[in-house]
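Before any comments, here is the structure.
The values are calculated or read from the model by the stated rules, or taken from the named source; none is laboratory data. As the structure is a computational prediction, the values presented were derived from the model and not from experiment. Cβ atoms come from the backbone with ideal geometry, glycine included; neighbour counts cover every protein chain shown.
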């Protein structure tokens, strides 16, 4: 146990990035279930997951900015960092679009007795945006993994 107290993690980013990744990946099956079943439970699940993902993705982005300052000058990081940061920006924006779309669906359903939002195109749009957000966060995670664990490929 003494060994565990000898080490620390100086940056929160490696811990923070797992939350938006998992939450956005979970939005895909919940939105697919909402598309297939029209059950409000799946719509709410997608909404709650996407809101938590938005908050955690903003936090991950902020912790990533702090980490970027600490790893300046490392060759592999320098090559990938800008693309990784741009992918993280797109994750936040796409996640925001997903949350706003779900708020629109909720608001419209509240005013029109759920008939308006239960239309298949709305549910398909939510699934499409959730899938796109999940793909973006997976891509950003891949780039982060390359910066951390990547090794040059020799021909």
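Points to keep in mind about this one:
- Any hit, the range 32-53, residues being part of a loop (DSSP other than H, G, I, E, B) and under 17 Å from residue 136 (Cβ atoms): no
- Qualifying positions in the range 137-149 - surrounded by fewer than 15 Cβ atoms within 10 Å (Cβ to Cβ) and either at pLDDT below 90 or more than 19 Å from the chain's Cα centre (by Cα) (or both): 145, 148, 149
- Here residue 97 qualifies as in contact (Cβ under 8 Å) with a residue 12 or more places away in the chain, over 14 Å from residue 140 (Cα atoms) and in a helix (DSSP H, G or I).
- Annotation: of all residues in the range 75-103 being out of contact with any helix residue (DSSP H, G or I) (no Cβ under 8 Å at 6 or more places or on another chain) and at pLDDT below 85, the one that is nearest to residue 128 (Cα to Cα) is 79.
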